[in-house]
Structure formats: C-alpha cells, structure tokens
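First up is the structure itself, then whatever we jot down about it.
The values are calculated or read from the model by the stated rules, or taken from the named source; none is laboratory data. Here the structure is a predicted model, which means the values were calculated and not measured. Cβ sites come from the backbone with ideal geometry, for glycine too, and all protein chains shown count toward neighbours. For the accessible areas, the whole protein counts, side chains as well, though only heavy atoms, and no ligand, DNA or RNA atoms are used. Shrake-Rupley method; radii C 1.70, N 1.55, O 1.52, S 1.80 Å.
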Amino acid sequence: MKSNLEILQQATTLLKRYKRPYIITHPRPDGDTIGSALALRLALLELGKEPLVVCVHPIPETMAYLPGTETVGDQVPAQEDIDLIVAVDMSDLKRTGGMVPGDWRDTKPILVIDHHETNDNFGDVNLVEAEAAATAMPMLALLKALGTSITPDIATCLLTAVLTDTRGLRTETTTPDVLRMVSELIEAGGDYATVVQNALDSTPYKQMRGWGIALNRLQLEGQVAWTTFPKEEKETLGIDDHDDLNLGNLLSQVAEAKVIASFLEMRNRTVKISLRARPGYNVAGVAKSLGGGGHRQAAGCSVQGSLTTATAKVLPLLHKLLETNS
Ligand code: 5GP
Ligand code: MN
C-alpha cells in the first residue's frame with residue numbers, strides 16, 4: 001500500500017508532465033465536484049497548462065459565481081486535444097456520465113481525486129482520501145504539493161466544495177481539520193459570505209415548488225422517511241431530469257428518521273435515489289449494492305423501472321439496515 005505522500009508525488013508528476021488535462025466532474029454536479037475541479041483548473045493555468053473542465057450536465061445557477069464556470073464544457077473533446085484524464089469527486093468510471101470514451105481508458109493516463117469510501121480506484125494514480133469531508137481536502141493537499149499559490153479565487157472554489165459537502169459544516173465528517181481548512185481558505189481570501197449566500201442559502205423558485213410537492217408526498221415508516229417525485233410533476237413545473245431538487249438533503253432533516261430516501265422518476269424509465277443517514281448509520285453499502293455509491297451519511301444510485309418498483313426494492317433494504325444496526 002502506498003503512502004499518501006507517495007501518491008501525492010505521483011499525482012503532481014502526472015500533472016506536471018502533461019499539458020492538456022481533461023478534468024471531469026460528475027453528473028448533476030454539486031459544489032464539491034465543481035469547486036474542486038475549478039480550483040485545480042486555476043492552479044494548472046498558473047503552471048502554464050491548458051486544462052479543460054467538463055460536466056455532462058449544466059452547472060446549477062446557484063454556483064454560477066464560481067470563477068471559471070463559463071469555461072466548463074459538456075462535450076467530449078477530440079482525442080488529440082487532451083493528454084491526461086482527471087476524474088474529480090467520483091467513485092467509478094461510470095460516474096463520469098459517459099465523458100470517457102471506452103478506448104481512451106487504455107491510451108490516456110487517469111488521475112482520480114476523490115473521497116468516496118466506495119471508490120474502486122479506477123485511475124492509474126488514485127488520490128482517494130475516504131475519511132475526508134470533501135474532495136476539496138485532498139485537492140488542497142495536491143495544490144500545495146504542486147507549489148501553486150492558493151489565490152482568493154482558488155480559496156472560494158474550495159470553500160464552496162467543503163461547505164456544500166458538509167451541508168454548512170453539519171455532517172459527521174466535520175472535524176477540527178475541516179474547520180482549520182475553512183479558516184485557512186478564508187485567510188487566503190476566499191469569499192465566505194458569497195459562498196454561503198449562493199451555495200447554501202439560495203433555492204431556485206422551481207426547486208422550492210418541487211419541495212412543496214415532495215413534502216406533500218412525504219412518508220414516515222418507523223425510522224425511515226421517504227418520498228417520491230413522479231415525472232408528471234416535473235413536466236408541470238418544467239424541471240429537467242438533471243435537476244434532483246436537492247431532495248436528499250432536504251429530507252435528511254426529518255427529526256424522527258434515522259435513514260431517508262428520495263425517489264425521483266426520470267424520463268428514461270429509471271429512478272434516481274438519494275439516501276441519507278443520521279450519524280451512526282451507514283447507507284453507502286445499500287447504494288453500492290444497487291450499483292451506486294457514496295458515503296456513510298449520503299449515498300445514491302439509479303435503478304431501472306417505475307417508482308413503485310424502486311420503492312418496493314429499496315425500502316425493505318433500509319428497514320433491514322435499521323434492524324441490523326439496533
Ligand atoms: P446525491 O444523493 O446527492 O445525488 O448523492 C449523495 C452521494 O452519493 C454523493 O457523494 C454522490 O457522489 C454519490 N452518488 C449519488 N448517486 C450515485 C451513483 O449513481 N453512483 C455513485 N457511484 N455514486 C453516487
Ligand atoms: Mn464530494
């Protein structure tokens with residue numbers, strides 16, 4: 001097993017050797033994948049590289065303030081336009097959302113920067129810190145190892161990443177190290193107020209209306225709270241499939257629940273499931289067993305079929321999880 005220091009060295013060697021890194025964020029991008037990727041982009045620009053950040057889905061409006069969002073592409077570039085693949089905040093190759101064509105896997109090196117305990121180490125170099133609250137933490141260590149300066153813009157990107165993945169420093173993963181990192185980023189000029197205002201305290205009107213519908217359908221069965229969101233309701237409100245309404249985080253507040261699940265029906269006959277758990281409970285295994293992944297307290301997956309099929313499949317697994325936990 002390699003030490004963290006060795007992996008950091010291998011990661012910096014890759015980033016210094018290649019000129020045109022292709023930085024991939026995960027579908028339905030959150031603050032951690034986008035913030036960490038944009039921070040890396042800025043550092044690589046400082047090194048004279050030509051990085052390209054991509055996401056298969058659009059960047060949410062609430063994150064438009066992040067420096068560099070206007071450069072994020074949604075298309076796979078020509079083979080010759082890139083020489084290194086960098087996957088940010090994702091546990092397996094499938095999570096790139098189809099942004100890595102099959103034959104590239106064998107022709108281009110892959111660097112993975114992540115913090116999911118379900119990570120399957122799909123890169124040639126895997127900078128994966130499973131205990132970290134956000135990918136922003138190994139990312140900051142990497143930028144320091146690269147020797148680039150932590151500019152105010154980089155600090156704002158990383159602050160966004162760590163504050164969103166900890167839901168405003170409220171998760172079990174919020175350690176003294178996380179709080180020190182937040183202080184360090186604010187000292188480096190990170191715009192804390194803007195991050196909190198935009199990334200944590202802004203909910204688009206459409207999403208708020210969606211919450212109304214989801215909350216109307218909320219169920220509490222023992223210590224499992226769950227809701228469904230049918231595609232017809234999306235049509236009525238004009239909600240795209242790549243918008244998950246952040247339902248998982250909303251429902252995670254149900255006081256009586258130890259575990260929560262939201263089921264969003266997609267237009268392609270799949271259901272996107274978000275799972276959340278109170279401290280002491282772990283939903284990562286259930287998500288992984290259904291082909292997804294994530295963390296102890298926040299995980300997700302997609303399953304084929306209707307809402308009824310999905311709830312019938314997943315809810316018993318959650319009840320079983322609670323039984324074995326107690
Ligand atoms: P969310 O419920 O907010 O979509 O995701 C919660 C956590 O689970 C995030 O860390 C996210 O990356 C992970 N996750 C969500 N859906 C999937 C999935 O389909 N596959 C994998 N591997 N991880 C997922
Ligand atoms: Mn993350």
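Do you know which residues across the range 35-62 are within 14 Å of ligand 1 (Cβ to nearest atom) and touching a helix residue (DSSP H, G or I) at 6+ places or on another chain (Cβ under 6 Å)? Can you show your working first?
First, the residues of the range 35-62 that are within 14 Å of ligand 1 (Cβ to nearest atom): 35-37, 55-57, 60.
Residues satisfying the conditions are GLY35, SER36.
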Practice prompt. Can you give me the ranges of the helices (runs of 4 or more DSSP H) entirely in the range 241-326 with at least 1 residues that are within 16 Å of ligand 2 (Cβ to nearest atom) and surrounded by fewer than 18 Cβ atoms within 10 Å (Cβ to Cβ)?
Written response: none
Worksheet, complete the sentence: Taking first residues from the range 85-104 that are on the phi > 0 side of the Ramachandran plot and second residues anywhere that are open to solvent by 30 Å² or more (accessible area, probe 1.4 Å) and charged (D, E, K, R), the pairs with Cβ under 9 Å that are 6 or more apart or on different chains are ASP89/ASP30; ASP89/ARG95; ASP89/ASP165; GLY97/ARG28
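Would you be able to tell me the number of residues in the range 48-100 that are assigned to a helix (DSSP H, G or I), open to solvent by less than 20 Å² (accessible area, probe 1.4 Å) and under 14 Å from HIS242 (Cβ atoms)? Even if it seems obvious, please write down each step before you answer.
Here is the first cut: in the range 48-100, the residues assigned to a helix (DSSP H, G or I) are 61-63, 69-71, 79-81, 93-96.
Of the ones still in play, those that are also open to solvent by less than 20 Å² (accessible area, probe 1.4 Å) are 63, 96.
When the remaining residues are screened for being under 14 Å from HIS242 (Cβ atoms), the result is 63.
Selection size over the range 48-100: 1.
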Practice prompt. Kindly indicate whether any position in the range 19-31 is more than 16 Å from ligand 1 (Cβ to nearest atom) and surrounded by fewer than 20 Cβ atoms within 10 Å (Cβ to Cβ).
Written response: yes
Fill in: Of residues in the range 148-179 being in a loop (DSSP other than H, G, I, E, B) and free of Cβ contacts under 8 Å to residues at least 24 places away in the same chain, the one farthest from ligand 1 (Cβ to nearest atom)
LEU169
Discussion item. One residue is enough: does the range 104-112 have a residue meeting the conditions buried (at least 19 other Cβ atoms within 10 Å of the Cβ) and within 12 Å of ligand 2 (Cβ to nearest atom)?
Written reply: no
Discussion item. Filter the range 113-125 down to the residues that are open to solvent by 40 Å² or more (accessible area, probe 1.4 Å) and at pLDDT 95 or above and list them by number.
Written reply: ASP120, ASN121, ASP124
Worksheet item: Could we say that ASP103 is at pLDDT below 95, in the same structural domain as LEU169 (by TED's automatic domain parsing) and either part of a loop (DSSP other than H, G, I, E, B) or not basic (Lys, Arg) (or both) here?
Response: yes
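For the range 126-139: of the residues being outside any loop (DSSP other than H, G, I, E, B) and open to solvent by 10 Å² or more (accessible area, probe 1.4 Å), which is farthest from ligand 1 (Cβ to nearest atom)?
Going residue by residue through the range 126-139, those that are outside any loop (DSSP other than H, G, I, E, B) are 126-128, 136-139.
Narrowing further to those that are open to solvent by 10 Å² or more (accessible area, probe 1.4 Å): 126-128, 137.
Values: ASN126: 15, LEU127: 16, VAL128: 13, MET137: 14 Å.
So, considering only residues that are outside any loop (DSSP other than H, G, I, E, B) and open to solvent by 10 Å² or more (accessible area, probe 1.4 Å), the one farthest from ligand 1 (Cβ to nearest atom) is LEU127.
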Fill in: So ALA255, is it small (Gly, Ala, Ser), away from ligand 1 (no atom under 16 Å from the Cβ) and within 24 Å of ASP114 (Cα to Cα)
no
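Which one is surrounded by the fewest Cβ atoms within 10 Å (Cβ to Cβ), of the residues in the range 216-228 that are touching a strand residue (DSSP E or B) at 6+ places or on another chain (Cβ under 7 Å) and free of Cβ contacts under 8 Å to residues at least 40 places away in the same chain? Walk me through it before giving the result.
So the first thing to find is which residues in the range 216-228 are touching a strand residue (DSSP E or B) at 6+ places or on another chain (Cβ under 7 Å), and the list is 217-219, 223-228.
Checking which are free of Cβ contacts under 8 Å to residues at least 40 places away in the same chain leaves us with 217-219, 225, 227.
Numbers: ARG217: 14, LEU218: 16, GLN219: 12, ALA225: 23, THR227: 22.
Only one residue tops the list, namely GLN219.
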Discussion item. Any residue at all in the range 168-175 that's within 26 Å of THR12 (Cβ to Cβ) and within 16 Å of ligand 2 (Cβ to nearest atom)?
Written reply: yes
